[in-house]
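First up is the structure itself, then whatever we jot down about it.
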Amino acid sequence: MSETSPALSEIPANLPRHVAIIMDGNGRWAERRGSPRFAGHKAGVEAVRNVVEICGELGIQALTLFAFSSENWRRPKKEVGLLLDLFITALEREVNKLHNNWVQLRVIGDINAFPAKLQQRICEAMQLTAANQGLILNIAANYGGKWDITQAVRKLAMRVADGGLQSAAITAELIATELSMHDLPEPDLFIRTGGEQRISNFLIWQLAYTELYFTETLWPDFDRIELIKALQSFASRQRRFGQTGAQILALDEDQRNRA
Ligand code: FPP
């Protein structure tokens, strides 16, 4: 362990079950080095590898990474093309390693808009790792929180139109069953790197009660120490879910997480 690594004792006992991250700052990281923005995205893949490894080691149940938003199509055509190529390369290079480490890879978002080769790599990687019992790694690609809610509501509307569902039976719980990641706990901790303090149409429904953590650190510099700082910040917070502090203190830890 290097001198600056937090000791194991600095890893809090109360870890989030699900961490969601907006990996921002790749472009600025590259520009500060006089490199093309794409160099920042490539360095960003290294940071992804690290964070996946650490979350796996710590036994975190799920990690969700915002890799490409529905709005990212608005970037210069060249950057979009390079990003899509980078996803293909990263999938090809990493999938076996992920599989050997019991990682279950899932992609959330509307992948139909992607080139056929990328769609194929995504399907192959999801099939290969589907039965793995380790970290669930969700890559949000062509994902938008508004898209997610819209597709969920559309499915329910179709059931109403078919006569199989009464509109009065539509509840928040029912909508949640049609959202991406409905089988996972909602994120306990949201991290955004790169200094901006926005949700940017990420998991807008699923983040309703999530603890938010913002850091100036640019994504390619987000390493083990930075992740542990975020986990420490999470562990220091009292999650009240609408209750009072006194009510929460009266619960044991399991009850607190379910409150
Ligand atoms: C935001 O930085 C980052 C992205 C839009 C792409 C994220 C992609 C990766 C980290 C690499 C690939 C990931 C996987 C999962 C294979 P930005 O370009 O907006 O940075 P800026 O705000 O400094 O311009």
(message) Given (1) in contact with an Asp or Glu (Cβ under 7 Å, 6 or more places away or on another chain); (2) closer than 21 Å to residue 53 by Cβ, identify the lone condition not met by residue 147.
(response) (2)
(message) If the requirement is being among the hydrophobic types (A, V, I, L, M, F, W, C) and in contact with an Asp or Glu (Cβ under 9 Å, 6 or more places away or on another chain), which of these qualifies: 91, 58, 82, 63?
(response) 91
(message) Yes or no: segment 11-24 includes at least one residue that is open to solvent by less than 40 Å² (accessible area, probe 1.4 Å), touching a helix residue (DSSP H, G or I) at 6+ places or on another chain (Cβ under 7 Å) and assigned to a helix (DSSP H, G or I).
(response) no
(message) If residue 195 meets every condition in (1) surrounded by fewer than 17 Cβ atoms within 10 Å (Cβ to Cβ); (2) at pLDDT below 95 apart from one, which number is that one?
(response) (2)
(request) Select, from 251, 231, the only residue that is farther than 22 Å from residue 70 by Cα and without any contact (Cβ under 8 Å) to a residue 12 or more places away in the chain. (result) 251
(message) From the list 157, 246, exactly one residue is modelled with pLDDT under 95 and of a type in the set (Gly, Ala, Ser). Which is it?
(response) 246
(message) When you scan segment 31-39, do you find a residue that is of a type in the set (A, V, I, L, M), in contact (Cβ under 8 Å) with a residue 40 or more places away in the chain, within 12 Å of the ligand (Cβ to nearest atom) and buried (at least 16 other Cβ atoms within 10 Å of the Cβ), even just one?
(response) no
(request) Could you tell me whether any residue of segment 30-48 is within 16 Å of residue 106 (Cβ to Cβ) and modelled with pLDDT of 95 or more? (result) yes
(request) Identify all residues within segment 40-55 that are open to solvent by 40 Å² or more (accessible area, probe 1.4 Å) and more than 11 Å from the ligand (Cβ to nearest atom); write none if there are none. (result) 50, 53
(request) For residue 207, work out the one condition from (1) without any contact (Cβ under 8 Å) to a residue 40 or more places away in the chain; (2) open to solvent by less than 30 Å² (accessible area, probe 1.4 Å); (3) under 16 Å from residue 140 (Cα atoms) it doesn't fulfil. (result) (1)
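The values are calculated or read from the model by the stated rules, or taken from the named source; none is laboratory data. All values derive from a computational prediction rather than experimental measurement. For neighbour counting, all protein chains shown are included, and Cβ atoms are generated from backbone atoms with ideal geometry for every residue, glycine included. Only protein heavy atoms, including side chains, enter the accessible area calculation; ligands, DNA and RNA are left aside. Shrake-Rupley method; radii C 1.70, N 1.55, O 1.52, S 1.80 Å.
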